[in-house]
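Inspection log for the structure reproduced underneath, given as structure tokens.
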Amino acid sequence: QVQFVESGGGLVQPGGSLRLSCAASGDILGISTMGWYRRAPGKRRNLVAWMHSSGSAYYDASVKGRVTISRDNAKNTVYLHINNLKPEDTAIYYCNELGRTDWGQGTQVTVSS
């Protein structure tokens, strides 16, 4: 199975932006739907955005309008652009093929002044 490694997180001030990357160990062309999830401190992991191979995308209400998911099949990478970051965006962010329950290390995003 293809494995994913997330990167791009960090400490950002409120209102800032980040681009998270999800590098796959193999070809993602055959993966129908990729998603970005996050787990805030003390909370469950939630799906925040997903993208189908057709290009259609879904965004959770908590991030809609501030987040864009994209995938570059040639680079086997999925991205998550987050704008206007808020303290409540603080979480570990993970990417995965929808339906899988094995997880990588994720990338920590901390929004604080």
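The values are calculated or read from the model by the stated rules, or taken from the named source; none is laboratory data. Here the structure is a predicted model, which means the values were calculated and not measured. Ideal geometry is used to build each Cβ from the backbone, glycine not excepted, and the neighbour counts take in all protein chains shown. Just the protein is used for accessible areas: all its heavy atoms, side chains included, with ligands, DNA and RNA removed. Shrake-Rupley method; radii C 1.70, N 1.55, O 1.52, S 1.80 Å.
Work out, step by step, the length gained on full extension between residue 70 and residue 108: first 0.36 nm times the residue separation, then minus their alpha carbon distance; give nm to one decimal.
11.7 nm
Using a 1.4 Å probe, how large is the accessible area of residue 34, given in Å² and rounded to the nearest 10?
0
Distance from a point 7 Å along Cα→Cβ of residue 56 to each backbone N in region 69-86: keep the residues under 14 Å and list them by number.
Counting only backbone N, you get no residues.
For region 35-113, with all protein chains present and a 1.4 Å probe, just round the carbon and sulfur fraction of the accessible area to a whole percent.
Whole-percent figure for carbon plus sulfur exposure: 47.
Can you list residues whose amide H is under 5 Å from residue 60's amide H, if they're 5+ apart or on another chain and H is modeled 1.01 Å from N?
Answer set, sorted by chain and number: 49.
In a Debye calculation with equal point scatterers on the alpha-carbon sites of the chain and no solvent, what is log10 I(q)/I(0) at q = 0.11, 0.15, 0.16 Å⁻¹?
Log10 of I(q)/I(0), two decimals: -0.30, -0.57, -0.65.
Normalising by the residue count of the chain, find the relative contact order in percent from Cα pairs under 8 Å and 6+ residues apart.
37
What number comes out for accessible area per residue over the chain if the probe is 1.4 Å? Units Å², please.
53
Using the Karplus curve 6.51 cos²θ - 1.76 cosθ + 1.60 with θ = phi - 60°, what ³J(HN,Hα) values do you get for each residue of region 6-22, in whole Hz, with x for Gly and Pro?
Once θ is set to phi - 60°, the couplings for region 6-22 become 8, 7, x, x, x, 9, 9, 6, x, x, x, 9, 8, 10, 8, 10, 10 Hz.
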